[in-house]
Every structure is written in structure tokens, then in C-alpha cells.
Amino acid sequence: MLEFYLDDSGTHDEATVTVWGGVVGYKHFMDRLTEAWHRQLARPCEGKPPVNAFHSSHLANGWGEYAGYNQAERDLTRWNFRKIIVDTGVTILAYGISVKDWNQVVIGLAKQALHSSEQAIFGQAVMAGLRAAKVEDQPINFQFDAGRDTPELRAVIRPSIEVAEAEGHDVSYGFSPVAAVPALQAADLVAHETYQFFTEYLKNPKAKAGPHTRRLFEDAHDSAAGWLGRRQIKAMVTGINRARRRGEK
């Protein structure tokens, strides 16, 4: 069975970018990640006490359990947990969308079909998982952040899974608390790193990923990333409008 653990970043009201991303692997890879993650939580950084859970934005800002960490300690802790993702051989994936461009371009009948920017990028991540399952010919289980368990996101999941099931694939899913699941904490790291890069990319298309983000994607066993900016969103709307016109004939 292929296991997908996906988390969000940039779903707060002021966000210009929304990301869904995470880690993928067979059970034995995920078991290896879980064991290593627990060990690292017990010693997140040299000289620091155990923490209950890894949380990227808390670490970056020195909040909660990471209050009192200096910048060097934050960087080292980030490196320690990133290394687990790389060393355990899981695949990473992340998909981001420009919220402003979505809201400007997707209007009228297209909005009725495509809904919100988060639903769109969440759907991209789910479909990537289903495509992987089809290639590998394996059952698949999705686990998502329980904090985003909404009717809107479930409305994206169910039709996609029904299509996969109609094609003979075994697909299941659930929502779990990030603080209780190491693989979802790894997904949080992936989503947050990608969010930081895409936020800068939206301001400047020539922006380069920072060293942590770059090494995460370069050193991972395998990785995939996708971006829905203005051009890609316009293409989606064009496709929806063409399909609607064909249906009206």
C-alpha cells in the first residue's frame, strides 16, 4: 500500500499562496520515518529539551515549544528533521496556487465549476496521488490534516476516489491530528518550505529557493511540485468554458 500524508500551508486569510504538500511511501518507509521522527523529537537540537511535535511555522518564528531557540538552533533543528525525510527514502510532493490570481480569473460559471483556490490545489495533490497509485498498481491511503477537515475539501476527495474505484483501484482516506502523526509533521515541513518559496516566487519569478527548501527537494528520494499561477489558471478556465460550450450544443 502507498501511504500519502498531506498537510496545508497558507490557508490563513491573508495568504497570497496556498500549498498542499507532503510525503509519500510504502508502509515500511513510513514506519522508518515514524521511528526516526520520535527519536528526533526527544532531542530536536543539541542542548534543547524534548518537544511534543514538530511544527514548521512555530520553529521558524520561535513560538510555543521553540521559544528561546536562537537562529542557529532553529536552522539546525530544521536540518535535523529534513534529514529524516531524506534518509528514510520517502517521496515528497507539493502543489501551490496564487490565491489572488485565482480570485481574479475564476469568476462566473467557471467559479461554480472550480470553486475555491484551496479546493483547486488540494485537488491537484489528490489527483497526483491517484495517478501514482495507478502507475504502481497499489492500494492507496490518504491521511490529511484534521484541521482542514471541511465539507469543501471532502467534496473534492469523494468524486476523485469514486473515479479511481470505478477503474478498480482500492483507495481510502482519513483526517488525523498533525501533532499525533509524525508523517503529517513531515508533511507540514514540506508544505511550509514550499509555501515560503512560492510566496517569494509570486513576488519575483526569478526568485530562487532557499538552501533548506532546495536541499529538501534535491536530496529526497524523489520529488514532485506543481504551481498554478495566472497562466495555468487561465488555461483551466478556458478548458472549463470550452467544455461547457460543447455541452450546450
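General observations
- Some residue of segment 114-132 being among the charged types (D, E, K, R) and modelled with pLDDT under 90: yes
- Among the residues of segment 212-231, the ones that are surrounded by 15 or more Cβ atoms within 10 Å (Cβ to Cβ) and out of contact with any Leu (no Cβ under 9 Å at 6 or more places or on another chain) come to 8 in all.
- Residue 13 falls short of the stated requirement of being surrounded by fewer than 21 Cβ atoms within 10 Å (Cβ to Cβ) and at pLDDT 95 or above.
For (1) within 19 Å of residue 222 (Cα to Cα); (2) not basic (Lys, Arg), each residue gets a yes or a no:
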site: 34; (1), (2): yes, yes
site: 40; (1), (2): no, yes
site: 43; (1), (2): no, no
site: 47; (1), (2): no, yes
site: 88; (1), (2): yes, yes
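- Within segment 27-55, the residues that satisfy the criterion of being in contact with a strand residue (DSSP E or B) (Cβ under 9 Å, 6 or more places away or on another chain) and either at pLDDT 95 or above or among the acidic types (Asp, Glu) (or both) are 29, 30, 32, 33.
Listed here are the residues, each with its yes/no results for (1) over 29 Å from residue 124 (Cα atoms); (2) surrounded by 15 or more Cβ atoms within 10 Å (Cβ to Cβ); (3) in contact with a Leu (Cβ under 6 Å, 6 or more places away or on another chain).
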position	(1), (2), (3)
66	yes, yes, yes
83	no, yes, no
93	no, yes, no
106	no, yes, yes
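- Checked against the criterion of being at pLDDT 95 or above, assigned to a loop (DSSP other than H, G, I, E, B) and β-branched (Val, Ile, Thr), segment 85-99 contains one or more residues that satisfy it.
- Pairs with Cβ under 9 Å, 6+ apart, first in segment 82-93 and under 9 Å from residue 190 (Cα atoms), second among the acidic types (Asp, Glu) and crowded, with 20+ Cβ neighbours inside 10 Å: 82/193
Here's the yes/no breakdown for (1) over 30 Å from residue 214 (Cβ atoms); (2) of a type outside the set (S, T, N, Q); (3) in contact with a Ser or Thr (Cβ under 6 Å, 6 or more places away or on another chain):
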| position | (1), (2), (3) |
| --- | --- |
| 124 | no, no, no |
| 132 | no, yes, no |
| 149 | yes, yes, no |
| 183 | no, yes, no |
| 200 | no, yes, no |
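- Residue match in segment 182-204 (condition: more than 23 Å from residue 15 (Cα to Cα), modelled with pLDDT of 95 or more and buried (at least 21 other Cβ atoms within 10 Å of the Cβ)): yes
- Evaluated against (1) modelled with pLDDT of 95 or more; (2) surrounded by 13 or more Cβ atoms within 10 Å (Cβ to Cβ); (3) more than 22 Å from residue 129 (Cα to Cα), residue 209 falls short on exactly one condition, (1).
- Residue pairs meeting the criteria (Cβ under 6 Å; at least 6 apart or on separate chains; first closer than 17 Å to residue 178 by Cα, in segment 43-65; second part of a loop (DSSP other than H, G, I, E, B) and not hydrophobic (A, V, I, L, M, F, W, C)): 51/44
- Inside segment 43-57, residues that are part of a helix (DSSP H, G or I) and buried (at least 18 other Cβ atoms within 10 Å of the Cβ) make up a count of 1.
- Qualifying residue in segment 133-147 (condition: of a type in the set (Lys, Arg), free of Cβ contacts under 8 Å to residues at least 12 places away in the same chain and farther than 14 Å from residue 97 by Cβ): no
- Single residue of 72, 60 found to be part of a helix (DSSP H, G or I), more than 23 Å from the chain's Cα centre (by Cα) and either over 24 Å from residue 148 (Cβ atoms) or not aromatic (Phe, Trp, Tyr) (or both): 72
Conditions (1) of a type in the set (Phe, Trp, Tyr); (2) touching a Gly at 6+ places or on another chain (Cβ under 6 Å); (3) at pLDDT below 90; (4) surrounded by fewer than 21 Cβ atoms within 10 Å (Cβ to Cβ), marked per residue:
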position: 138; (1), (2), (3), (4): no, no, yes, yes
position: 145; (1), (2), (3), (4): no, no, no, no
position: 154; (1), (2), (3), (4): no, no, no, yes
position: 172; (1), (2), (3), (4): no, no, no, yes
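The values are calculated or read from the model by the stated rules, or taken from the named source; none is laboratory data. Since the structure is predicted, the reported quantities are computational estimates derived from the model, not experimental observations. Because the Cβ atoms are built from the backbone with ideal geometry, glycine has one as well, and the counts that use them run over all protein chains shown.
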